[in-house]
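Let me begin by presenting the structure, written as structure tokens, before commenting on it.
The values are calculated or read from the model by the stated rules, or taken from the named source; none is laboratory data. Note that the coordinates shown come from a computational prediction; the quantities given were computed from them, not determined experimentally. As a convention, Cβ positions derive from the backbone with ideal geometry for all residues, glycine included, and neighbour counts pool all protein chains shown.
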Amino acid sequence: MKNKMKLAVIIALTAIVVFSIAACKDDDDSSASPQPGPLFLGATLNLSEQVWTEEWSASGVTYKMFKPEEEMELGVPGTSIKAVIDEDGILSLTMEGGPGVPDNIKNITERFFQEYNDIDISDEKVRAFYIQNMGGLNHYLVKNSDSANRSSFVIYVYVGEDVTISASAGSYKNEYDEFDWTYSLAAFNIELKKGWNALTYTDSYSRTATTSNVSLIAGEMPGHRWIIRERQIH
């Protein structure tokens, strides 16, 4: 009788342990796909992030924290506003609203996504402004994430009113490095809110298959860094 009771206790404890392990796996699923951050950032854009340098080699890209000898200023294109990189390499920028050269969402959308043939915009006249890079005479900043077979960057877009941009999936062919590449374009439907919004443009490609998959994602995907690069003077 004692042996039967002991066996029952062991079976019960084993069931509890197995259930607990399974629950932990469900709660912390490391295989889950990374999710983007919020699309809408608010009426004011506040950036305070580490700046990095990049170095490419045969094994891939490595990053190092950037620390200038003295404070640096980089201009925001289309404005008189300056972003600052302090001696610790921290980028600081605050923008209320969307100051700068007046533009509209139609021009901005077509500039970035000209490969799409059927972009639909709920109101083409909505005032808009965007930041993809910042620069000075000798350097410029981009918020990138690069690997051996993927390249992506973050775009900060300000719109004066709520507006929806969308496009159907499609494809096209183009010559690159003397090879004919096939580009597949993912459909998107993004509801931009009045104020600042974050978008991620991603290009995943295969050099052996000469194919490229392009997508526009609402929100900032994890893994992007502000990279400082030297301007190539010709």
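Miscellaneous remarks
- Per-region count, the stretch 32-50, residues surrounded by 11 or more Cβ atoms within 10 Å (Cβ to Cβ) and closer than 30 Å to G160 by Cβ: 13
- Selection status of G98, touching a strand residue (DSSP E or B) at 6+ places or on another chain (Cβ under 9 Å), at pLDDT 80 or above and not hydrophobic (A, V, I, L, M, F, W, C): no
- Identification of strands (runs of 3 or more DSSP E) wholly contained in the stretch 40-156 with 3 or more residues that are out of contact with any Pro (no Cβ under 9 Å at 6 or more places or on another chain) and in the same structural domain as S184 (by TED's automatic domain parsing) yields 40-42, 44-57, 60-65, 72-75, 82-85, 90-96, 139-146.
- The stretch 163-234 holds strands (runs of 3 or more DSSP E) entirely within its bounds, and those carrying 3 or more residues that are within 28 Å of F66 (Cβ to Cβ) map to 195-206, 225-230.
- Residue under evaluation S212, criteria (1) under 15 Å from the mean Cα position of the chain (by Cα); (2) more than 17 Å from V126 (Cβ to Cβ); (3) surrounded by 16 or more Cβ atoms within 10 Å (Cβ to Cβ), criterion not met: (1)
- Residues located in the stretch 169-180, provided they are surrounded by 11 or more Cβ atoms within 10 Å (Cβ to Cβ), at pLDDT below 90 and of a type outside the set (S, T, Y): N174
Per-residue answers, yes or no, for (1) touching an Asp or Glu at 6+ places or on another chain (Cβ under 8 Å); (2) in contact (Cβ under 8 Å) with a residue 60 or more places away in the chain:
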site: E115; (1), (2): no, yes
site: I119; (1), (2): yes, no
site: D123; (1), (2): yes, no
site: F129; (1), (2): yes, no
site: V157; (1), (2): no, no
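- In the stretch 74-95, the residues that are β-branched (V, I, T) and modelled with pLDDT of 95 or more: V84, I85, I90
- Residues within the stretch 63-94 that are closer than 20 Å to A43 by Cα and without any contact (Cβ under 8 Å) to a residue 24 or more places away in the chain, tallied: 4
- Exclusive hit being at pLDDT 95 or above and of a type in the set (V, I, T), set V126, V154, V214, V159: V154
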